[in-house]
Structure formats: C-alpha cells, structure tokens
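First the structure, in the form of structure tokens, and then the observations on it.
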Amino acid sequence: ETESWQFKTAPINWRFNSGDEIEFGYLPQFEHLFESRTFSGGVVLPVGDYRYTQWRARIMAASKRRLSGQARYWFGSYYSGRAQQIDTNLNYRLPPSLQVSFVTTQTFAKLPQGNFVTRVLTARVDYSLTPFITFYNLVQFDNDSRNLGWQSRIRWIFKPGNDLFLSFNQGWLQEPDGGLHYDLSDTKLAAKIQYTFRF
C-alpha cells in the first residue's frame, strides 16, 4: 500500500549570472495516514488518504554575497483543507571567522477539523577563533511544543583527525500565558573526544 509520494516541478526557474534565482513551481502529493495525526493547537487529522497540491514561489540571493538568503511562499490545498507557508532564510558571513543565520518557518492552515498556526524560529552564530577552535551556537523555538532551546558547542582540533567537543544545552518551556515568560526545563553538559589511530 502506498504510504506517500511527491512530484516536484518548476515550470519557471530563472537563474541569473549573478547566482540569484527566481522560481515558481508546484508540488502535487499524496499521503496515507495509518494513524491520526495531531497538529498544533490540538487539531486532529483522522486516518485516511489525502491528496493535495501546493504552489511555490521562491526568490534567492546568491550565497557568494556577504548578505544572502531566500524566501519561499507556499499556498494551495493541504490535507483536508488549505494552507499557506512562509519560509525565510537570512545569512551573513564575515570570512573567515563569523557566520550568522536566521531561519523562520510559518504555516497557516485552515482545515475542516480546525485551524492552526505553527512557527519554528532558528538563529545560529558560528565563530572561528582560529582554524582549529570554533564556537557554534544554536537557538530554536517552536510554538507547538513551546520549547526554547540553546546549544553552545566548542570544537578544538588539537591535531588533524583528533578533535575535542564540549557541548552545553539549555532548555526553557514557555508558560501557558505565552509571551516572554519561560521556566527552566533541562540543562545538559557533555564532552566527546575523537582520536584517529594511524598505522
């Protein structure tokens, strides 16, 4: 029994000499839910077959620039109803040391079973102190689980093929009234060493 399929095509795709790109395409797809699926806000989609088609418009700035990124807008049918999705990605690079990125994914759905909005927000900051020592930082929030997480990681290449990783993770849970009120949920500290034996 077929579980899912997708067909992606882009009748309009302009790629300029600068590396910038404009695209318009569509994505017919099928999915069979063997179990009911719960979306944000407690919207439950029952078991069954779902065929729907989404259209996509995308604009992208070439990654060779110091400031680059892309924006995508999806619209059309979605499972038993309709939805719009907006994805954005903004990147800033200051070679060779600094790279900053912001990513957002938002879905606005209207289904017979109910309406819901999902948001995933991600920020990343990577900094290389030297070619052998790099700091990675990732912060992410999603409104479904109401979790805000931060991971900070250090990688030290003390010898090619031999690495030391230190990782710190901190989580917060948004209070039911929303806003900027959060409670600590978990804290983790971990270390890993990778050593290569040559013979």
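Is it fair to say Val43 is under 30 Å from Asp186 (Cβ atoms), within 16 Å of the chain's Cα centre (by Cα), surrounded by 15 or more Cβ atoms within 10 Å (Cβ to Cβ) and of a type in the set (A, V, I, L, M)?
No; evaluated as a whole, the condition is false for this residue.
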Subject >> Selected residue (criterion: surrounded by the most Cβ atoms within 10 Å (Cβ to Cβ)) from residues of the range 105-149 that are part of a loop (DSSP other than H, G, I, E, B) and within 22 Å of the chain's Cα centre (by Cα) >> reply: Asn143
Original post:
So which pairs qualify, if the first residue must be in the range 74-89 and within 16 Å of Glu31 (Cβ to Cβ) and in contact (Cβ under 8 Å) with a residue 60 or more places away in the chain, the second must be of a type in the set (S, T, N, Q) and crowded, with 16+ Cβ neighbours inside 10 Å, the Cβ gap must be under 7 Å, and the two must be at least 6 apart or on different chains?
Top reply: none
Subject >> Breaking point among (1) out of contact with any His (no Cβ under 9 Å at 6 or more places or on another chain); (2) more than 19 Å from Gln106 (Cα to Cα); (3) among the hydroxyl-bearing types (Ser, Thr, Tyr), for Tyr50 >> reply: (1)
Original post:
Can you name every residue in the range 153-184 that is assigned to a strand (DSSP E or B) and open to solvent by less than 60 Å² (accessible area, probe 1.4 Å)?
Top reply: Ile154, Ile157, Asn162, Asp163, Leu164, Phe165, Ser167, Asn169, Gln170, Gly171, Gln174
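Yes or no, residue by residue, for (1) of a type in the set (Phe, Trp, Tyr); (2) under 18 Å from the mean Cα position of the chain (by Cα); (3) open to solvent by less than 40 Å² (accessible area, probe 1.4 Å):
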residue	(1), (2), (3)
Arg58	no, yes, yes
Arg65	no, no, no
Gly76	no, no, yes
Gln84	no, yes, no
Arg93	no, no, no
**OP:** Might you check whether a residue that is in contact with a Leu (Cβ under 7 Å, 6 or more places away or on another chain) and under 30 Å from Asp163 (Cβ atoms) occurs anywhere in the range 103-121?
**Re:** no
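The values are calculated or read from the model by the stated rules, or taken from the named source; none is laboratory data. Treat the numbers as computed from the prediction; the structure is a model and nothing was measured. All Cβ positions, glycine included, derive from the backbone under ideal geometry; neighbour counts span all protein chains shown. Calculation scope for accessible area: heavy atoms of the full protein, side chains included, ligands and nucleic acids excluded. Shrake-Rupley method; radii C 1.70, N 1.55, O 1.52, S 1.80 Å.
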